[in-house]
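Colleague: Take this structure first; my questions come after.
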Amino acid sequence: MMLGAFQYERPASLDEALRQAAAVPGARWLAGGMSLLPLMKMELADPPALVDLAGVADLVGVQEDGGALRVGAMTRHAELAEHPLVARHAPLLAAAASQVGDPQVRHRGTIGGSLAHADPAADLPAAVLALDATIEVASPRGRREIPAKDFFLGPLMTALEPDDVIVAVVVPQRGAHRQAYHKRPHPASGYAVVGIAASVLREADRVASAAIAVTGVASHAFRARRAEELLTGQVMTDALLAEVASVVASGQEVWGDLYASADYRRHLAGLTTRQVLERLWDDR
Amino acid sequence: MMDPSHSQHTVTLTVNGQRRTESLPPNLLLSEYLRDYLRLTGTHIGCDTSQCGACTVLVNGDPIKSCTVLAVQLPGAAIDTVEGLGRPGALHPVQEAFRADHALQCGFCTPGVLMTAVALLNRDPHPTEAAIRRGLDGVICRCTGYENIVTAIAHAGARMAAPQEVSQHVD
Ligand SMILES: Cc1cc2nc3c(=O)[nH]c(=O)nc-3n(C[C@H](O)[C@H](O)[C@H](O)COP(=O)(O)OP(=O)(O)OC[C@H]3O[C@@H](n4cnc5c(N)ncnc54)[C@H](O)[C@@H]3O)c2cc1C
Ligand code: FES
Ligand code: FES
């Protein structure tokens, strides 16, 4: 399949990248290409220029930084899934990355690309939401930080301006929180029909704090605030879990398609949340 | 501004151990470079939409779908295709096992499956059946011969890990 012609740049620094993108109206960032190149093949995108971020040193690497985990935007899913710092500080992020697509996709696709693409059924958006991560962005106007909760706006829609580039994702450490990501993949596409990212702090028989994020269910990943409120400070019981499960998607416009009706997705989101919480609760 | 269609990019790639410096158009997919420029047609194009994995090759040892990467995205990379795996009479252990265990029918998916299996076994010579099946998530066999593919990969792993003399007896 022949791709249309485009200009290709491979900057070595962030400044150079921002300059090159600014020079061609409509230029797009190229990260792993796992979403952008298929869009170009389908002629759903036809950028006049691609600015490849693979050579930009500022965007690679996973580090501990003042009590937080700093993940460069060009970190590939496979690296995220196996990095010891990620496993230690943000196990649900590693778990989500290990379930993206297939090995080939995980060796190319990046966290920056996945968040910027914002597929409504993607895995990493749920992970960064549940972890209260911050997305660090650079543009010709300077640097800024976008909290994950303000980042996802709709299907393939984010708070990024076209000339914004994600530099890193910063994940605050959650010490004693227990974390998990549970995905119910569509059997053909592998994308989440429902994906639940959960991080809970258990104190004796009570839920001291809970963060639950949901993907695959609505136009973008979201936090299940009502469910979190019900859990916080409460003694964990079956009755509480049942109530929590019933409100996971409340307030959301749940979508249905050929494969899974809205009712089924709502049910599955509740059930999966319940199962994740039960598993985390009994974890040693 | 430069006419983008005429711009070429210089990249150095090592394909099956052979280093090449090439001037390539940016919109050339790695699959097209391998098949049309180098005539390495062992890398098959099934779907051309990143679904089937028939086009899988190794880039610095990692399996990737060559239909979904630009050749210019890979400066300095080592690329291994099925042509570099083995030759008639000197097959790679994974190829041997595929033959012995009848792990191919029409053979169309086989190059991609072989490269995927080699990457898997290089990392984990003794994968569980579940790990093998997970490793094969990115490849589709339209003849649906998965059972034999899984068996062959397990046998190949055992062969690759075993000392040389033992592996010769298996034939
Ligand atoms: C077969 C297949 C199966 C998949 N399955 C899943 C799955 O199960 N779950 C899942 O979550 N995803 C899945 N994906 C998508 C995959 O995760 C992609 O890696 C991801 O969506 C995009 O990341 P990328 O690095 O490849 O970005 P690219 O494709 O290079 O870019 C995607 C978009 O993000 C922009 N962009 C890239 N980097 C940046 C940056 N640093 N700052 C600002 N904008 C940027 C690009 O301009 C483009 O618009 C699948 C993809 C394929 C091909
Ligand atoms: S041809 Fe590349 S994945 Fe099918
Ligand atoms: S052997 Fe025919 S597609 Fe796999």
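The values are calculated or read from the model by the stated rules, or taken from the named source; none is laboratory data. It should be emphasised that the depicted structure is a prediction, and the values quoted were computed from it without experimental measurement. So basically every Cβ, Gly included, is an ideal-geometry build from the backbone, and we count neighbours across all protein chains shown. Calculation scope for accessible area: heavy atoms of the full protein, side chains included, ligands and nucleic acids excluded. Shrake-Rupley method; radii C 1.70, N 1.55, O 1.52, S 1.80 Å.
Colleague: Report relative contact order for chain B in percent, whole number only (criteria: Cα-Cα under 8 Å, sequence separation at least 6).
Modeller: Relative CO of chain B lands at 22 percent.
Colleague: Another question, if that's okay. Students often check this: by mean Cβ neighbours within 10 Å, which of A:209-219, A:240-250 ranks highest, and how do the rest follow?
Modeller: Top to bottom by mean Cβ count within 10 Å: A:209-219, A:240-250.
Colleague: Rank by packing, highest mean first: peptides A:53-59, B:104-110, with packing defined as the count of other Cβ atoms within 10 Å averaged across residues.
Modeller: So the peptides A:53-59, B:104-110, ranked by packing, come out A:53-59, B:104-110.
Colleague: When a/c reaches 1.5 or more, the comparison of a/b and b/c decides; with that in mind, is segment B:1-121 rounded, prolate or oblate per its Cα gyration tensor?
Modeller: Prolate, because a/c is 1.5 or more and a/b exceeds b/c.
Colleague: Sticking with this structure for a sec: Quick check: the angle from helix B:110-123's long axis to the longest principal axis of chain B, C-alpha only, nearest 10 degrees?
Modeller: Computed tilt is about 70 degrees.
Colleague: Taking the Cα centre of segment B:93-170 as origin, sum charge times position over the Cβ atoms of Lys and Arg (+1) and Asp and Glu (-1), and report the length of that vector in debye to the nearest 20.
Modeller: Dipole about the Cα centre, nearest 20: 160 debye.
Colleague: Can I ask one more? Distance from the Cα centre of segment A:167-215 to that of segment A:108-143, in angstrom?
Modeller: 16 Å
Colleague: For the interface of chains B and A, what total accessible area is buried with a 1.4 Å probe, rounded to the nearest 100 Å²?
Modeller: Looking at B and A, the buried total is near 2600 Å².
Colleague: Continuing with the same structure: Just counting partner chain Cβ atoms within 10 Å, what average do the residues of peptide B:47-53 show around their Cβ?
Modeller: Counting Cβ atoms of other protein chains within 10 Å of each residue's Cβ and averaging gives 4.
Colleague: How much length is gained if the chain between residue A:22 and residue A:44 is pulled fully straight, taking 0.36 nm per residue apart and subtracting their Cα-Cα distance, in nm to one decimal?
Modeller: 5.7 nm
Colleague: Across segment A:237-252, in residue order, what do the Karplus-derived ³J(HN,Hα) couplings come to in whole Hz, using 6.51 cos²θ - 1.76 cosθ + 1.60 with θ = phi - 60° and x for Gly and Pro?
Modeller: Going residue by residue, I get 9, 4, 5, 5, 4, 5, 5, 4, 4, 6, 10, 4, 9, 5, x, 9 Hz, with x marking Gly and Pro.
Colleague: On to the next question. With unit charges on the beta carbons (Lys and Arg positive, Asp and Glu negative) and the dipole taken about the Cα centre of the protein assembly as shown, which residue among B:8, A:146, A:249 sits farthest to the positive side?
Modeller: A:249
Colleague: Quick check: the angle from helix B:146-161's long axis to the longest principal axis of chain B, C-alpha only, nearest 10 degrees?
Modeller: So the helix axis and the longest Cα principal axis differ by about 80 degrees.
Colleague: Sequence gap at least 6, Cα distance under 8 Å: using those rules, report the relative contact order of segment B:4-84 to the nearest whole percent.
Modeller: Relative contact order for segment B:4-84 comes out at 37 percent.
Colleague: Now a separate question. In the Gaussian network model of chain B, springs joining C-alpha atoms below 10 Å, which of B:161, B:103, B:90 carries the largest mean-square fluctuation?
Modeller: So, out of B:161, B:103, B:90, the one fluctuating most is B:90.
Colleague: May I pose another question? Assign unit charges at the C-beta atoms only (+1 for Lys and Arg, -1 for Asp and Glu), then state the dipole size of chain B relative to its Cα centre in Debye, rounded to the nearest 20.
Modeller: The calculation lands at about 80 debye.
Colleague: Calculated from DSSP H runs of 4 or more alone, at -39500 (n - 2.57) each and per residue, what is the 222 nm mean residue ellipticity of the protein assembly as shown, nearest 500?
Modeller: Helix contribution divided over all residues of the protein assembly as shown: -9000 deg cm²/dmol.
Colleague: Please report, in debye to the nearest 20, how large the charge dipole of the protein assembly as shown is about its Cα centre when each Lys and Arg carries +1 at its beta carbon and each Asp and Glu carries -1 there.
Modeller: Roughly 280 debye for the protein assembly as shown.
Colleague: When chain A is modelled as a GNM with alpha-carbon springs shorter than 10 Å, which of A:269, A:208, A:224 fluctuates the most?
Modeller: Result: A:208 has the largest fluctuation of those listed.
Colleague: Other chains' Cβ within 10 Å of A:52-62 residues: what's the mean?
Modeller: The shielding value for this peptide is 1.
Colleague: I've got another one for you. At a 10 angstrom cut-off on C-beta neighbours, averaged per residue, how do the peptides A:122-132, B:73-83 rank from highest to lowest?
Modeller: Listed from highest to lowest mean packing, they are A:122-132, B:73-83.
Colleague: How high is the relative contact order of chain A, given as a whole-number percent (alpha carbon pairs under 8 Å, six or more residues apart)?
Modeller: 14 percent
Colleague: Per residue of B:65-73, count partner chain C-beta atoms within 10 Å of its C-beta, then hand back the mean as an integer.
Modeller: The shielding value for this peptide is 6.
Colleague: Also: Tell me the per residue accessible area of the protein assembly as shown using a 1.4 Å probe; a whole number in Å² is fine.
Modeller: 44 Å²
Colleague: Moving on. For a quick size check, give me the Cα extents of the protein assembly as shown along its three principal axes, largest first, whole Å.
Modeller: 68, 62, 44
Colleague: Something else about it: Nearest 10 degrees is fine. How inclined is helix A:262-282 to the longest principal axis of chain A, computing both from alpha carbons?
Modeller: 70 degrees
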